[in-house]
Each structure stands twice: as structure tokens, then as C-alpha cells.
1. State the answer as a single residue: which of Leu53, Ser66, Gly43 lies farthest towards the positive end of the charge dipole of the range 36-98, with beta carbon charges of +1 for Lys and Arg and -1 for Asp and Glu, about the Cα centre.
2. Which percent of the accessible heavy-atom area of the range 148-200 goes to carbon and sulfur, probe 1.4 angstrom?
3. Rounded to the nearest 0.05, what FRET efficiency do Phe197 and Arg152 have when you use their Cβ-Cβ distance and R0 = 45 Å?
4. Sort Leu147, Leu189 from largest to smallest accessible area, using a 1.4 Å probe on the heavy atoms of the protein chains.
5. For the full complex of protein chains and a 1.4 angstrom probe, list Ile73, Ile38 by accessible area with the highest value first.
Amino acid sequence: MKKSLLLCFALVTYFIQSSALAQESNKLTFYVGIGPAIDGNLGLYGINVSNELSFGVGKRTSLNPSLTYYQSIKSFDNFDDPKFGQDNSSGLFTNVTFKYDVLKTKNDFKISLAFGPSFQIGSENSTDGAYLRYDDLGNYYEYFYTLERFARLGYTQQVAFDWKSKNENRRNSAVVSMSSFDGYWPWYLMASYRIGFRLR
């Protein structure tokens, strides 16, 4: 855990130093977005809400700290016993990615790849099983659940599509991200449509 905190501190320090360069080149954009998500470990559909501050550090590169909230909504499976469909998960993700524009057209359409560490605080609740019990009144099922809480460091990979808006101070963006933890890839798969605001 101490190593994770030291890594996060180093990334924040680098982010602060890079922000000065970005402000000088006037390449600062704030994005807000929303979209669907999938928890690949438990098999859950969900929703994600994100915001990101993009600092341009070169003609094709940028540093992008972000904060994303995820909440599951429904299980992939339709169980005969509805209690088995009550699994849920949620999380708050702090990411810092380095993004490179692999394609940039004259019309300012960009396709970018991004990679960086991801720190998650969250939890998941899953149904482990049910056992048939007997008593004087008859038989019944007893359910067993597992609750896990997370404070863990992983990594995220992203593919971003970015294009200009009719308003010169706005940007349109679509992002697909894959976040991996504990050797499971991808643990979370998220897609979002974003609106960017150029900051002066």
C-alpha cells in the first residue's frame, strides 16, 4: 500500500510540473462524459460518469488526470431465483494517463491511445450460494454472500476519438477504456461520450 501511495504522489508531482508547460502552450481542455460500463469479473452491466483534465505537453501528446465513478445496474444472467441476480459493484477511479495522437487529420479529427495507472476505491457484493435448511416449520434456503472492499492500484488503457465542435471552444469525444486489476484484464470495460471545454 505504501508503494502505491508513493507512486501516486510521484504521478501527482509530475502532473503539476507538466501543467505549467500546458498552460504556457494554451492547450488545456476539461472533459465531462457519461456512458455504459461492464464489470467483467461479476458479469454486470453498469454506468460510468467521468471528468478529465487534459494538459497538452506536445503536438501529439498530453497528460490526462481523471476521476470516474462506476455503478452496476443489472446482471448479465437471468436467474430463476432473483436473489442470485442481486450482485452489485461500484467504484471511484483516479487515473493519470499519457495520451498519444496516432492519427490527426486536417479537419482536426484525432484517434489517440492512452495508458497509465489507475487507483480504485470501491466494493462488490456477490451471492456465493444457497443451502437448503430444515426446521420445525419446514424447509427454507439460506443464502451466503461475499462483500469485498477495494483500495488497489492497477492500470488503464484507452482508445479515444476526438473531433471539433461548431463552437471553437468545445470538443466532442468518444472513449473506450479498459481497467485492469489483480491480473484480470479487463476487469472493467467502459465507453463514454464526452464534451470538452477549452480553458483559457
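1. The one lying farthest along the dipole's positive direction is Leu53.
2. 56
3. Values: r = 31 Å, r/R0 = 0.70.
Using R0 = 45 Å, I get an efficiency of 0.90.
4. The ordering from most to least exposed comes out as Leu147, Leu189.
5. Order by accessible area, largest first: Ile73, Ile38.
The values are calculated or read from the model by the stated rules, or taken from the named source; none is laboratory data. Predicted model only: the values in this text are computed from it and were never measured. For neighbour counting, all protein chains shown are included, and Cβ atoms are generated from backbone atoms with ideal geometry for every residue, glycine included. In case anyone asks, the SASA skips ligands and DNA or RNA and just uses the protein heavy atoms, side chains included. Shrake-Rupley method; radii C 1.70, N 1.55, O 1.52, S 1.80 Å.
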